[in-house]
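Report on the structure given below.
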Amino acid sequence: MLDLLPDLCDEHADKVRVLDPLFRDFGGERIFWGQVVTVRCYEDNSRVRELVATPGTGKVLVVDGGAMVRRALLGDQLAEKALENGWEGIVINGAIRDAGAIGTMALGVKALASCPMKTEKRGLGDVDVPVTFAGVTIYPGDYLYADINGILVAREPLSHPQL
């Protein structure tokens, strides 16, 4: 299966919200889905570090970094931690770093850009809050689906023969 989202849009048009096509694929997995866990943080990935260290099977971490791309909210070490803890994928409204290494991992990662600068660790950020970017509000507990066609969210899990 290479294209999941077109089928989901055809079958569930009234249930899905499609994010504006702003994101690039960085992870080794091009198709991923799961229940959303949200975090809002700006140039501080302390909460991202905490969340990827928790069990993530069946979950996608959605990080609203305010579209800031001066500092990376995810690098190879945190991506590796997410992979070890079973996270399905990570969507970042901001930047990542270590793009080469992340591209080899069996983890879905979408972000706006890559930037080599790390963040400061100040312990700031809000977890499990609604986040709005790319024309869509994403709520904790929503379901996110991603492939090379983009990203969509729904309030409930969607059915499809490939899921």
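The values are calculated or read from the model by the stated rules, or taken from the named source; none is laboratory data. All figures in this text were calculated on a predicted structure; none of them were measured in a lab. A quick note on method: Cβ atoms are made from the backbone with ideal geometry, for glycine too, and the neighbour counts reach across all protein chains shown.
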- Which one is modelled with the highest pLDDT, of the residues in region 26-65 that are buried (at least 21 other Cβ atoms within 10 Å of the Cβ) and of a type in the set (S, T, N, Q)? 38
- Query: Can you tell which of 84, 88 is touching a residue at least 24 places away in the same chain (Cβ under 8 Å) and not hydrophobic (A, V, I, L, M, F, W, C)?
  - Reply: 88
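Go through region 63-77 residue by residue and tally those that are β-branched (Val, Ile, Thr) and over 11 Å from residue 113 (Cβ atoms).
Of the residues in that region, 1 qualify.
Restricting to region 8-62, name every residue that is over 26 Å from residue 85 (Cα atoms), acidic (Asp, Glu) and either out of contact with any His (no Cβ under 8 Å at 6 or more places or on another chain) or without any contact (Cβ under 8 Å) to a residue 60 or more places away in the chain (or both).
So the first thing to find is which residues in region 8-62 are over 26 Å from residue 85 (Cα atoms), and the list is 8-22.
Those still in the list that are acidic (Asp, Glu) too: 10-11, 14, 20.
Passing the criteria: 10, 14, 20.
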- Is there a residue being within 19 Å of residue 56 (Cβ to Cβ) and over 13 Å from the mean Cα position of the chain (by Cα) anywhere in region 105-118? yes
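Scanning for something part of a helix (DSSP H, G or I), closer than 22 Å to residue 29 by Cα and charged (D, E, K, R), does region 136-153 turn up at least one residue? First the steps, then the outcome.
Keep residues of region 136-153 that are part of a helix (DSSP H, G or I), which gives none.
Looking for residues that are part of a helix (DSSP H, G or I), closer than 22 Å to residue 29 by Cα and charged (D, E, K, R), one finds none in region 136-153, hence no.
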- Query: Hey, among 146, 95, which residue is in contact with a helix residue (DSSP H, G or I) (Cβ under 8 Å, 6 or more places away or on another chain), within 23 Å of residue 18 (Cα to Cα) and surrounded by 20 or more Cβ atoms within 10 Å (Cβ to Cβ)?
  - Reply: 146
- Which members of region 119-163 meet the condition of being closer than 19 Å to residue 40 by Cβ, of a type outside the set (Asp, Glu) and modelled with pLDDT under 95? 119, 121, 122, 123, 124, 125
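When you look at residue 65, is it within 22 Å of residue 34 (Cβ to Cβ) and in contact with a strand residue (DSSP E or B) (Cβ under 6 Å, 6 or more places away or on another chain), yes or no?
Details: within 22 Å of residue 34 (Cβ to Cβ): yes; in contact with a strand residue (DSSP E or B) (Cβ under 6 Å, 6 or more places away or on another chain): yes.
For residue 65, the condition - within 22 Å of residue 34 (Cβ to Cβ) and in contact with a strand residue (DSSP E or B) (Cβ under 6 Å, 6 or more places away or on another chain) - is met.
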